[in-house]
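Undergrad: Quick one: structure below, then a few questions.
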Amino acid sequence: MKALVIGGATIDVITSIDTADIECITMKNATNSYLMMEQGKKVEATRVETHIGGGACNAAVAMARMGMDVRSVLKLGTDVEADRVLARLTQEKVDTRYVMKTPEEQTGKSVVVSSHDRNAGIFVHRGANTSLKASEIEPHMFDGVDLVYVSTLSSQSADAFPKIVELAKKAGAYVAANPGIRQLRRRRQQVLEALQYVDLLAINQEEAAALAEGLLAVHDVDAFMDGDAPELLKHGIGENRAKMKLSDLVAFVSEIGCEYLIVTNGAEGAYLANKDAIHFRKSVPCVVESTIGAGDAFNATFVAALVQKKTIWTALSMAAVNGAAVAGSLDTQSGLMTMEALNKRVLSMDSSKVQSYQMKDLNA
């Protein structure tokens, strides 16, 4: 099967710092945490490595390792880093015929600081990732494609999103989108209008709250459900004392015409929903090295498995396994597994790890 992946690419400089050498402070009355280091002091790193990353690159590699014929649409600079990105994609058998270069911007870069719970702090220069134009997206790019996966689009590149998904749908492809938090906050109406052309929307819980804000009823409650229900079904999404029901967001997205909504919630697991039910899949335990790229791995793996006719349970389990494999690696790609390895791992897993809740019961 053929996939077209559109989005960003970065050069990731990743440093891992021992817990004793950097301070972590969590606010008492908020959910924010901060990594701190002494000004002017050199901090010893246990590792400093350079890797290829970025949402679209991560997704393209994940799908290629799962046996798909993958093309990528990216915008790079004309620097040596661009050559490194192209070399890596070629090594992974990703077709780069639609990768573009601009002399006006550098290839995107990020500096990742990983410590404590390995939920990294990231300094990012988006560079050429911001310069993709709608006029550069042409209908022939979608010829013969079974799946179009649109990763996070940065700054003005996000304005190409409506054209991308409309052309993808007209071409008869299955369309999946993973917009970022800034895209949802600054261009929310644009995203909402374009969802009519999207089959699957994949976001994390913070992005879900940003999408829902101002659209759904707000509740001043501690819990929507009793017992041992998953966190986002029990406590909802959004800030304390301004919670929104996940089931309301699912109904809203479904009404627009989007078939599936995925909401990932870090170490807890992920939610897959449609107009009939919400399925929750617990995360796969692992020794976390870094959380960057785990969401990309989960989303890309699920969509690739789904279009290859895997069951919902199998697709969710494969996604959880691949997400954990990436979380167990310092970078965003070395942990990604082949379809053979994923199949083998899933065969040994317990189907009870997926819990299903009917929408009619959640809205009762």
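Undergrad: Given a Förster distance of 22 angstrom, what is the FRET efficiency for Asp350 paired with Lys275, based on the Cβ-Cβ distance and rounded to 0.05?
TA: E between Asp350 and Lys275, to the nearest 0.05, is 0.20.
Undergrad: Something else now. Any chance you could run the full-extension gain for Thr78 through Ala223? It's 0.36 nm times the residue separation minus the Cα-Cα distance, nm to one decimal.
TA: Gain in length upon complete extension: 47.0 nm.
Undergrad: Here's a follow-up. When only DSSP loop residues count, what trypsin sites (Lys or Arg not before Pro) in the range 296-364 have their Cβ near at most 12 other Cβ atoms within 10 Å?
TA: Lys309
Undergrad: Heavy atoms only, probe 1.4 Å: what % of the accessible area of the chain goes to carbon and sulfur, would you let me know?
TA: Percent of accessible area from carbon and sulfur atoms in the chain: 48.
Undergrad: Further, regarding this structure: Could you list, in their original order, any pairs among Lys109/Lys282; Lys75/Lys245; Lys245/Lys282; Lys93/Lys310 whose Cα atoms are separated by more than 27 Å?
TA: Where the Cα-Cα span goes over 27 Å, the pairs concerned are Lys109/Lys282; Lys75/Lys245.
Undergrad: Further question: Sort the range 62-152 into rounded, prolate or oblate with this rule: let a ≥ b ≥ c be the square roots of the eigenvalues of the Cα gyration tensor; rounded if a/c is under 1.5, and if a/c is not under 1.5, prolate when a/b is larger than b/c, oblate otherwise.
TA: It is oblate, given that a/c is not under 1.5 and a/b is not larger than b/c.
Undergrad: Going by the alpha-carbon gyration tensor, a ≥ b ≥ c the square roots of its eigenvalues, is the range 78-206 rounded (a/c under 1.5) or, if a/c is not under 1.5, prolate (a/b greater than b/c) versus oblate?
TA: Oblate.
Undergrad: Here is a follow-up. Determine how large the accessible area of Asp226 is when every protein chain is in place; take a 1.4 Å probe and give Å² rounded to the nearest 10.
TA: Asp226 has an accessible surface of roughly 140 Å² with all protein chains in place.
Undergrad: Okay, moving on. Which of the peptides 291-299, 276-284, 216-224 is most tightly packed, and how do the rest follow, judged by the mean count of other Cβ atoms within 10 Å per residue?
TA: Per-residue mean Cβ counts within 10 Å order the peptides as 291-299, 276-284, 216-224.
Undergrad: Got a sec? What order do Ile122, Ile6, Ile181 fall in by accessible area at 1.4 Å, biggest, i.e. largest, first?
TA: Ile122, Ile181, Ile6
Undergrad: Do the sum for the chain: with -39,500 (n - 2.57) for every DSSP H run of n ≥ 4, divided by all residues, what is the mean residue ellipticity at 222 nm, to the nearest 500 deg cm²/dmol?
TA: Using -39500 (n - 2.57) per qualifying helix, the result is -9000 deg cm²/dmol.
Undergrad: Using the crude model of +1 on Lys and Arg Cβ and -1 on Asp and Glu Cβ, and no other charge, please compute the dipole size for the chain relative to its Cα centre, in debye to 20.
TA: 520
Undergrad: OK, next. Sort Ser351, Ser329, Ser290 from largest to smallest accessible area, using a 1.4 Å probe on the heavy atoms of the protein chains.
TA: Solvent-accessible surface, decreasing: Ser351, Ser329, Ser290.
Undergrad: Identify which of Asn240, Asn178, Asn58 has the largest mean-square fluctuation in a Gaussian network model of the chain, with springs joining Cα atoms closer than 10 Å.
TA: Among Asn240, Asn178, Asn58, the largest GNM mean-square fluctuation belongs to Asn240.
Undergrad: Only one of the values (1) 15; (2) 12; (3) 58 was calculated from this structure for percent of Cα pairs over 39 Å apart; name its label.
TA: The value matching this structure is (2).
The values are calculated or read from the model by the stated rules, or taken from the named source; none is laboratory data. Predicted model only: the values in this text are computed from it and were never measured. Here the Cβ is made from the backbone with ideal geometry for all residues, glycine too, and neighbour counts use every protein chain on show. The accessibility values were calculated without ligands, DNA or RNA, using every heavy atom of the protein model including side chains. Shrake-Rupley method; radii C 1.70, N 1.55, O 1.52, S 1.80 Å.
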